[in-house]
Amino acid sequence: MFSRAIVCLPSSNFAEGLTTSGLPAPDYALAVKQHEAYCQALEELGLNVIQLPADDRYPDSTFVEDTAVVTDRGAVLTRPGAPSRRGEVDAIRSALAEFYSDLHSIDGPGTLDAGDVCQAGDHFFIGLSDRTNEHGATQLANIMLALGYTSTLVDITRLNPTTPLLHLKSGLAYLGRKRLVVNDALGDRDEFSDFEVIHLENAEAYAANCLTFDTSVLVAAGYPRYESQLQQLGYRTIALDMSEFQKMDGGLSCLSLRF
């Protein structure tokens with residue numbers, strides 16, 4: 001179970017961050033309110049929330065998940081695929097140094113966004129994407145192996161152009177109990193054959209990015225069929241409005257580092 005989460009307040013220039021969504025610019029004040037609700041939900045689930053200050057140097061810095069892969073056995077600082085985001089890692093290095101005596105890191109020419117990394121028990125799915133290259137993914141796989149984890153690389157660069165994914169976890173989440181939720185963009189892939197797979201229809205594709213805490217699942221608000229699926233499986237769902245973060249390609253997992 002997770003006991004801590006690192007988050008970072010949205011910066012005042014949040015709307016200047018990177019996005020491929022094609023949606024209108026986010027409302028900063030509303031994004032702050034949604035972030036507060038997100039942190040409150042984590043606290044109500046029993047996590048100690050460590051809040052980093054907003055950093056106007058990096059408009060994308062509220063999406064802290066991309067900067068590190070954190071596990072019970074060790075942590076890895078990433079090398080984000082977008083050069084404009086690489087400076088974000090410094091603040092996370094300082095925050096994680098309080099809890100991890102030895103921080104691993106991804107070296108160039110490797111690139112890795114942790115939004116491409118999905119932990120499923122003792123196994124990791126590592127996406128190859130526009131932000132994570134094979135050098136970075138292979139480095140992470142080797143580090144995970146040394147820590148006692150197995151991994152599988154999942155190439156998402158050749159998906160149907162009508163259903164693209166920025167990151168692997170834009171379309172994939174682990175629900176515990178050997179269950180994965182997968183949206184239509186990923187379809188039926190051999191990489192997931194050892195798991196029970198819950199498929200989401202395209203109309204609710206965004207809901208695939210969710211967060212599980214034992215039997216509770218944080219889900220994006222507005223996807224009732226997915227919530228019903230989860231409830232029928234015995235999960236308690238907690239719906240949070242993510243509209244302003246969706247405009248910047250962000251999801252629930254993106255906003256925290258949980259460990």
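The values are calculated or read from the model by the stated rules, or taken from the named source; none is laboratory data. Quick caveat, the model's predicted, so the values are computed rather than measured. Neighbour counts are summed over all protein chains in view; Cβ atoms, including those assigned to glycine, are modelled from backbone coordinates with ideal geometry.
Here is a yes/no grid of residues against (1) surrounded by fewer than 14 Cβ atoms within 10 Å (Cβ to Cβ); (2) among the β-branched types (V, I, T); (3) within 29 Å of R225 (Cβ to Cβ):
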position	(1), (2), (3)
M144	no, no, no
I156	no, yes, yes
S170	no, no, yes
A185	no, no, yes
- request: Just give me the residues in segment 192-233 being aromatic (F, W, Y), under 21 Å from F125 (Cβ atoms) and not in a helix (DSSP H, G or I), in sequence order.
  value: F195, F213
message: For segment 208-257, give me the residue count where each residue is small (G, A, S) and touching a residue at least 24 places away in the same chain (Cβ under 8 Å).
response: 8
query: Taking into account only those residues within segment 29-61 that are touching a residue at least 24 places away in the same chain (Cβ under 8 Å) and more than 23 Å from L96 (Cβ to Cβ), which is surrounded by the most Cβ atoms within 10 Å (Cβ to Cβ)?
result: A31
query: Going by the conditions given, is L42 modelled with pLDDT of 95 or more, in a helix (DSSP H, G or I), among the hydrophobic types (A, V, I, L, M, F, W, C) and farther than 13 Å from S243 by Cβ?
result: yes
- prompt: Quick check: is even one residue across segment 159-172 assigned to a helix (DSSP H, G or I) and under 19 Å from P83 (Cα atoms)?
  reply: no
message: What's the total number of residues in segment 92-113 that are more than 16 Å from R4 (Cβ to Cβ) and buried (at least 18 other Cβ atoms within 10 Å of the Cβ)?
response: 6
- prompt: If you check T78 against the conditions, is it in contact with a Phe, Trp or Tyr (Cβ under 7 Å, 6 or more places away or on another chain) and either surrounded by 15 or more Cβ atoms within 10 Å (Cβ to Cβ) or not β-branched (V, I, T) (or both)?
  reply: no
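Yes/no per residue for (1) within 18 Å of Y223 (Cβ to Cβ); (2) out of contact with any strand residue (DSSP E or B) (no Cβ under 9 Å at 6 or more places or on another chain):
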position: T157; (1), (2): no, no
position: P161; (1), (2): no, yes
position: L166; (1), (2): no, yes
position: G171; (1), (2): yes, no
position: E196; (1), (2): no, no
position: L200; (1), (2): yes, no
position: C210; (1), (2): yes, no
